[in-house]
Amino acid sequence: MHASVDFIPRRPVHDRVTVGPPSGRVPGVEIVQSNNEPGSSYQVRIRGVRSLSAIYRDHPYELHMDGYCHSISYEPSESRTGMYGSNGAALALIGKSAPTKPEPDLFCMALLARFEGYRPRFSELIGGPGEMLTWAILKAHTENRAGTVRLRSADPRDVPLVNFSYFEEGSDAAAEDLAAVVAGVRFVRSLTAPLIASGLIAEEIAPGPAVASDAQIADYVRNTAWGHHASGTCAIGADGDAAAVLDSAFRVRGTQRLRVVDASVFPRIPGFFIASAVYMAAEKAADAILDQARATAHERAQTTPS
């Protein structure tokens, strides 16, 4: 799960990336608006998924995207050490929410944008006016395991019913997850307090200085926490494990010719970010499928009359 703390820096980010009009069509992208004049704005839609605004400027470089071929220009800061020379995160820290934790459970990442989670039109906040700094606080190794994914109906086109069952709604009776995120908010505030005092940061806008006590911060976290790394709803396990949906070859128990290969296969959330763990599971599943195919082919060869 994640929570965010937003600030307004006083110093702007001087790098700027601008994209020009398409120079050639490639399938998958639709031009929404374009007048091809320097300094004018236009929009492109990549694979019909989202719209991106950009500014066309003189003397562009060419950028080949999976869609149209665009021109692009990059205006770095004089020192060429700006954020567009990075991976987008100004700073990232890993730590423990409490000294008693056996391993780090907080990942705190500073982003030069207003980012409050993935939701409809979230990109408008990121690309909106003003200079913003967001501390995104990720709680790993959560104690709560009460979230559910259920079928909405017998229609496979219906989206499933997903309930994260955060905090008091879940199975973390000691409220350790909530306390950890509160500790994360206090930690990133301790990092930015000197910057506010020196004038490098103008103000904290979310949750704001009025939210000061642990109880107030906890309410803020309950109301704003979000997550997109859900996993573990279709776990692999031993034959005697009643909670194990899958066997070691990713086959769904009680069915034929059905496997699950995604983030749901883990019995517990694997660390902070799950992408690399999903890649590893996919590699193992591919091996399992190929091994079965080879075994089946061998059996058929043995039983086919020569």
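Selection of the range 167-198 for residues being over 16 Å from Leu138 (Cα atoms) and in contact with a Lys or Arg (Cβ under 6 Å, 6 or more places away or on another chain) yields only Ser171. Take Val149 and tell me if it is assigned by TED's automatic domain parsing to the domain that holds Leu106 and surrounded by 17 or more Cβ atoms within 10 Å (Cβ to Cβ). For Val149, the condition - assigned by TED's automatic domain parsing to the domain that holds Leu106 and surrounded by 17 or more Cβ atoms within 10 Å (Cβ to Cβ) - is not met. Of the residues that sit in the range 224-242 and are in a loop (DSSP other than H, G, I, E, B) and touching a Pro at 6+ places or on another chain (Cβ under 8 Å), which one is farthest from Tyr166 (Cα to Cα)? Result: Gly237. Determine whether Met65 is modelled with pLDDT under 80 and over 21 Å from Phe273 (Cα atoms). Criteria met by Met65. Taking every residue in the range 197-216 that is closer than 12 Å to Val185 by Cα and modelled with pLDDT under 90 and pairing it with any residue that is part of a strand (DSSP E or B) and β-branched (Val, Ile, Thr), at least 6 positions away or on another chain, the pairs with Cβ-Cβ distances below 9 Å are Ala206/Val5; Ala206/Thr134. State whether the residues of the range 125-147 include one that is over 21 Å from Gly271 (Cβ atoms) and part of a helix (DSSP H, G or I). Yes, the range 125-147 contains at least one residue that is over 21 Å from Gly271 (Cβ atoms) and part of a helix (DSSP H, G or I).
The residue list Asp172, Asp177 contains one member that is in contact with a helix residue (DSSP H, G or I) (Cβ under 7 Å, 6 or more places away or on another chain) and either assigned by TED's automatic domain parsing to the domain that holds Leu125 or in contact (Cβ under 8 Å) with a residue 24 or more places away in the chain (or both), which is Asp177.
The values are calculated or read from the model by the stated rules, or taken from the named source; none is laboratory data. It should be emphasised that the depicted structure is a prediction, and the values quoted were computed from it without experimental measurement. No Cβ is skipped: glycine too gets one built from the backbone with ideal geometry, and neighbour counts run over all protein chains shown.
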